[in-house]
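Undergrad: Input: one structure, supplied below.
Only the coordinates and a few stated rules stand behind these numbers; no lab work does. From a predicted model like this one, the values you see are computed outputs, not experimental measurements. Reconstructed Cβ throughout: ideal geometry from the backbone, glycine too, with neighbour counts over all protein chains shown.
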């Protein structure tokens with residue numbers, strides 16, 4: 001190990017200053033560890049100064065490992081003073097503690113990501129209000145993600161930024177209206193499909209235009225070409241398809257075809 005080269009060739013020990021420089025632990029901390037019998041140097045100089053042996057440094061290494069995992073000095077002392085615990089056992093215990101810590105941090109990260117997602121989409125609602133308005137529809141948690149996807153695929157627009165800017169000011173009343181309007185349009189599209197109305201029929205085209213204007217009114221400017229591309233994604237992207245399947249099997253493709261007919265008519 002690196003500390004071997006620093007050891008006194010006669011005693012095979014290091015001074016407290018050498019240990020401090022080698023490990024980054026302050027001299028004051030080393031003195032404290034000695035005072036509480038957590039790390040008592042195995043040797044002393046003729047003048048009574050602390051001298052640390054290789055075994056002392058091994059113990060210090062374990063102390064620092066457990067400290068990094070958040071254990072108290074008292075707990076560390078209890079662990080290290082168990083003479084029946086081998087070096088391998090200490091490492092395995094530290095590994096288990098690290099894994100548990102990683103799992104806790106991953107859970108925390110997931111929670112933070114969900115909160116950021118809500119902030120990015122601009123839904124300024126309490127969890128209770130969000131459930132009251134949206135129920136358990138996951139699509140509303142990803143509105144900004146979807147607008148960004150539409151921008152990447154079908155036009156160099158400011159759709160994502162526009163959506164963030166506009167939705168940031170929406171409260172419960174606005175989101176309730178958005179949800180009610182959107183649901184009503186989707187229900188009428190589903191009814192048209194069940195009734196056998198062709199997507200090229202004037203009624204279906206009119207509903208597709210309502211759908212496009214709904215997006216433009218509340219989220220971002222959605223020209224006909226972007227709307228066609230967006231509704232294609234309803235079929236290509238399983239996240240969208242799952243939403244429309246819940247309303248009516250085949251509805252995603254129906255909305256896509258009606259949007260295409262609307263663009264062709266207007267073109």
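Undergrad: Order these peptides, 258-265, 217-224, 71-78, by their mean beta-carbon neighbour count within 10 angstrom, highest first.
TA: Sorting 258-265, 217-224, 71-78 by mean packing, highest first, produces 258-265, 217-224, 71-78.
Undergrad: In vacuo Debye scattering of region 1-100, one point per C-alpha: log10 I(q)/I(0) at q = 0.11, 0.13, 0.15 Å⁻¹?
TA: Each listed q maps to, in turn, -0.34, -0.47, -0.62.
Undergrad: Rounded to the nearest Å, what's the spacing between the alpha carbon centres of region 170-237 and region 76-101? Just the number, please.
TA: Computed from Cα coordinates, the inter-centre distance equals 60 Å.
Undergrad: Regarding region 9-51, what are the three Cα extents along the principal axes, ordered largest first, in Å?
TA: Computed over the Cα atoms, the extents are 26, 20, 15 Å.
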